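In what follows, a single structure is set out as structure tokens and then discussed.
The values are calculated or read from the model by the stated rules, or taken from the named source; none is laboratory data. Every value quoted in this text rests on a predicted model; they were computed, and no experiment measured them. Cβ: placed from backbone, ideal geometry, glycine included. Neighbour counts: every protein chain shown. These area figures cover heavy atoms from the full protein model, side chains too; ligands, DNA and RNA do not enter into them. Shrake-Rupley method; radii C 1.70, N 1.55, O 1.52, S 1.80 Å.
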Amino acid sequence: MKRVFVIGLDCAAPELVFDRWRDDLPNLRRLMESGVYGEIESTIPAITVPAWMSMMTSKDPGQLGFYGFRNRKNYSYDEMAFASSLMVKEKTVWDILSERERRCIVVGVPPSYPPKPLNGCLIGCFLTPSIESDYTYPRSLKDEIAEHVGTYILDVPNFRTDDKENLLKQIYDLMEVRFETVRYLMGNKPWDFFMFVEMGVDRIHHGFWEFMDESHPKYVPGSPYKNAIYDYYRAVDAQIGSLLERLDDDTAVIVVSDHGAKKMDGGICFNDWLIREGYLKLKQPVQGEPVKLTSDMIDWEHTLAWGSGGYYGRLFLNVKGREPQGVVDPEDYEKVRDELIEKLEALTDEGGRDIGTRVFKPQQIYREVRNISPDLIVYFGNLDWRSVGTVGNPKIWTYENDTGPDGANHSQYGIFILYDPGSNDRGRLEGLHVMDVAPTVLELMGIEPPEDMSGRDVREGASAYTPEEEEEIDRRLEALGYL
């Protein structure tokens, strides 16, 4: 009947937690040294939605049927559905636990608005419209939080801004309210499973990465914000310490992120590239400043494909008999996809150097494909570059983000730490995936994971030795002739 406490740090980077700042994060370091930890692979795409829900259902984005924050409703050119909890048809960890009368508290796990009933209480995620909405379950919890914690903060209103001082204040305000809410719920609500997600890590990465990373193309020496991310990680670690001291010896602790972070070298103007290559045709050329591409601008009878912007690119084909004015013959579908993959992966920077773009067919990376997926998912520069969806840019390459200042992109690997007070497992783990988290939680709580979960209990690959101890044991065994 072990309890499990999950600390979600959106976008937390393994190279910072495990290596660069390990000695300066005493609470996270203590969990690592007392348990197991390792890089955890995110979903493709490596983005908040669907990664957190893949983690909590152990289903990939194709099985979930959503592939980002906005997804095609149908095969029209402009009808999109915004990701919400209503799109989640698979059972989450807290659904399974609720069925077994285990008490659950869930705070800010995307997408969790509108709140769904569970055996316990839930606070919606940053995709909640506002705190004027009914963002809690039960509804009465909303007033309770207001009375005992104060004004709840869902997210930073705009983290893509040049007003860095105000942004920094908002990120700290978000963190303080989130952790104070968690402390209140820990002390005043019964629970067997508790999970929350802190979004500030993601926001501070996007807002301040270029001030920290000397390899960033926009790095400026001597910035007053050089230590902004470091200081924030230290502050989050201290907040985590305040939670750990409230836990008993029968509670397992997991710290996890949905993906990591990395510098952003620039953007690839996806639709301008498609125009240049002859796949996309506009009715009229864009005059003046770049503009957002809309369906009424496109000459659909002469367009084979169009793309979207974001931290990754989504490409859609205009297929005959599928889209209203489709032109790609279904028999040529794979041929066109393969041709596009070859050209996209051959993209270079302005100096002619290969940037390492990766392109994925959904049918090859997901166990099944539900609803309407992109025809191709594109990691420009393997996520060193973002996808820019506007048209009318002077070049294919741009170094200004079309949605506002942003110095970081997501990376494919996040962090995973498990401290289980009843286990002797220690050391660094390899081969972890976000879909392993749900079955691990259930196993820790003595519940057999459903057979259709795609992940595994991470402890199956755990070692009782640290990496240094394993090296020493290897040397001794080799000296004895066993290896």
How many of the residues making up the range 29-43 are within 22 Å of the chain's Cα centre (by Cα) and either modelled with pLDDT under 95 or open to solvent by 10 Å² or more (accessible area, probe 1.4 Å) (or both)?
-> 3
In this structure, does Y137 turn out to be crowded, with 23+ Cβ neighbours inside 10 Å and of a type in the set (F, W, Y)?
-> no
Within the range 123-164, work out how many residues are within 16 Å of G200 (Cβ to Cβ) and free of Cβ contacts under 8 Å to residues at least 24 places away in the same chain.
-> 1
So which residues in the range 285-318 are assigned to a strand (DSSP E or B), open to solvent by less than 20 Å² (accessible area, probe 1.4 Å) and at pLDDT 95 or above?
-> I298, A305, G307, G313, L315, F316, L317
Do we have L432 as touching a helix residue (DSSP H, G or I) at 6+ places or on another chain (Cβ under 9 Å), buried (at least 17 other Cβ atoms within 10 Å of the Cβ) and closer than 16 Å to M195 by Cβ here?
-> no
Can you tell me which residue within the range 74-97, out of those that are of a type in the set (S, T, N, Q) and open to solvent by less than 30 Å² (accessible area, probe 1.4 Å), is nearest to I447 (Cα to Cα)?
-> T92
Note on the range 84-103: residues β-branched (V, I, T) and within 19 Å of the chain's Cα centre (by Cα) are V88, T92, V93
Please name all residue pairs, on different chains or six or more residues apart, with Cβ atoms under 9 Å, provided the first residue is in the range 408-430 and is under 18 Å from D19 (Cβ atoms) and of a type in the set (D, E) and the second residue is modelled with pLDDT of 95 or more and crowded, with 19+ Cβ neighbours inside 10 Å.
-> E430/G38; E430/E39
Result of the Cβ filter at 7 Å on the range 214-232, keeping first residues that are closer than 25 Å to L25 by Cα and surrounded by fewer than 16 Cβ atoms within 10 Å (Cβ to Cβ) and partners that are charged (D, E, K, R) and modelled with pLDDT of 95 or more, at least 6 apart or interchain, is S215/K263
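Looking at the structure I just gave you, is V49 open to solvent by less than 20 Å² (accessible area, probe 1.4 Å) and either basic (K, R) or under 16 Å from the mean Cα position of the chain (by Cα) (or both)? If you could, list the steps in order and put the result at the bottom.
Values: open to solvent by less than 20 Å² (accessible area, probe 1.4 Å): yes; either basic (K, R) or under 16 Å from the mean Cα position of the chain (by Cα) (or both): yes.
Answer is yes for this residue.
Condition check ((1) modelled with pLDDT of 95 or more; (2) in contact with a Cys (Cβ under 8 Å, 6 or more places away or on another chain); (3) closer than 21 Å to D354 by Cα; (4) among the small types (G, A, S)) across all residues:
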site: L383; (1), (2), (3), (4): yes, no, yes, no
site: E400; (1), (2), (3), (4): no, no, yes, no
site: D406; (1), (2), (3), (4): no, no, no, no
site: F416; (1), (2), (3), (4): yes, no, no, no
site: D420; (1), (2), (3), (4): yes, no, no, no
site: D425; (1), (2), (3), (4): no, no, no, no
site: H433; (1), (2), (3), (4): yes, no, no, no
Scan (1) surrounded by 22 or more Cβ atoms within 10 Å (Cβ to Cβ); (2) closer than 22 Å to I7 by Cα; (3) hydroxyl-bearing (S, T, Y) for the single condition Y67 breaks and write down its number.
-> (2)
Please give the number of the condition D155 fails out of (1) more than 25 Å from R29 (Cα to Cα); (2) touching a Phe, Trp or Tyr at 6+ places or on another chain (Cβ under 7 Å); (3) open to solvent by less than 10 Å² (accessible area, probe 1.4 Å).
-> (3)
The range 192-211: number of residues that are open to solvent by less than 10 Å² (accessible area, probe 1.4 Å) and either more than 21 Å from the chain's Cα centre (by Cα) or at pLDDT below 95 (or both) | 1
Residues of the range 331-358 being open to solvent by less than 20 Å² (accessible area, probe 1.4 Å) and either within 21 Å of the chain's Cα centre (by Cα) or basic (K, R) (or both), in sequence order, are R337, T357
Filter result for P362 (in contact with a strand residue (DSSP E or B) (Cβ under 9 Å, 6 or more places away or on another chain), open to solvent by 70 Å² or more (accessible area, probe 1.4 Å) and of a type outside the set (A, V, I, L, M)) | no
When you go through (1) surrounded by fewer than 16 Cβ atoms within 10 Å (Cβ to Cβ); (2) of a type in the set (K, R); (3) closer than 19 Å to I7 by Cβ one by one for K169, which number turns out not to apply?
-> (3)
Can we say L483 is open to solvent by 60 Å² or more (accessible area, probe 1.4 Å) and either modelled with pLDDT of 70 or more or out of contact with any Phe, Trp or Tyr (no Cβ under 8 Å at 6 or more places or on another chain) (or both)?
-> yes
Identity of the residue in the range 74-83, under 21 Å from Y312 (Cβ atoms) and at pLDDT below 95, that ends up farthest from the chain's Cα centre (by Cα) = D78
Looking for whichever is in contact with a strand residue (DSSP E or B) (Cβ under 6 Å, 6 or more places away or on another chain), over 30 Å from S58 (Cα atoms), without any contact (Cβ under 8 Å) to a residue 40 or more places away in the chain and assigned to a loop (DSSP other than H, G, I, E, B) here; the options are G326, G351, G321, G278. Which one fits?
-> G326
Of all residues making up the range 1-28, the number that are open to solvent by 50 Å² or more (accessible area, probe 1.4 Å), assigned to a helix (DSSP H, G or I) and either closer than 25 Å to D192 by Cα or in contact (Cβ under 8 Å) with a residue 24 or more places away in the chain (or both) = 3
